[in-house]
């Protein structure tokens, strides 16, 4: 075991909670006037209806309830979203709220899309060996510059070859997408609506949902 590491690595979950010891981009950031800033959710209920799985978890100390919905459609596309409900009388300030999806360690190349008017959807690729690749849109709507999707795959993947994981955020406003490579080799994709400072404060009983994240995998490009 290397110095400066946990005895047991924190798993990369759909929520990516820093309270569980994840040293990476968190799936949730917020506070209650400086308190309750590192929620640790424990599962309280799991329900399945058809191809949809609903997982409920709570942090009683932080006063937050997390609801995660995962649905698999007939074409094999996974649709994921999270909702957080404030259970305390004091408002909880939401700073970041993202869906996180782990991908294989061999997914070392990332492709995103940029462009401008009449030249949209120009692909660009990067090899991600360390740290993060991030794209942000701050125009308040979906723009030519930043399409809300990321593709991660084995090096030199093409339309016909390679293992490929793709995500598309169903959101037309400000957004942030990230591909992250941890120092231990694990990797994940993350997508979220990008909130401005003070934009989202949940009063007691209020629930905030992430946009739906559409995800798919192909072994043939």
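Points worth noting:
- Search result, residues across the range 35-47 that are surrounded by fewer than 18 Cβ atoms within 10 Å (Cβ to Cβ) and either at pLDDT 95 or above or within 12 Å of residue 57 (Cβ to Cβ) (or both): 40, 42, 43, 44, 45, 46, 47
- Some residue of the range 52-60 being assigned to a strand (DSSP E or B), touching a residue at least 40 places away in the same chain (Cβ under 8 Å) and surrounded by fewer than 17 Cβ atoms within 10 Å (Cβ to Cβ): no
- Qualifying residue in the range 80-96 (condition: part of a strand (DSSP E or B), more than 19 Å from residue 28 (Cβ to Cβ) and out of contact with any helix residue (DSSP H, G or I) (no Cβ under 6 Å at 6 or more places or on another chain)): no
- Of all residues in the range 18-34, those being surrounded by 15 or more Cβ atoms within 10 Å (Cβ to Cβ), assigned to a loop (DSSP other than H, G, I, E, B) and either modelled with pLDDT of 90 or more or under 11 Å from the mean Cα position of the chain (by Cα) (or both) number 3.
- Residues in the range 206-213 include at least one that is in contact with a strand residue (DSSP E or B) (Cβ under 6 Å, 6 or more places away or on another chain) and surrounded by fewer than 13 Cβ atoms within 10 Å (Cβ to Cβ).
- So residue 123, is it surrounded by fewer than 18 Cβ atoms within 10 Å (Cβ to Cβ), touching a strand residue (DSSP E or B) at 6+ places or on another chain (Cβ under 6 Å) and outside any strand (DSSP E or B): no
The values are calculated or read from the model by the stated rules, or taken from the named source; none is laboratory data. Since we're looking at a predicted model, the values are computed, not measured. All Cβ positions, glycine included, derive from the backbone under ideal geometry; neighbour counts span all protein chains shown.
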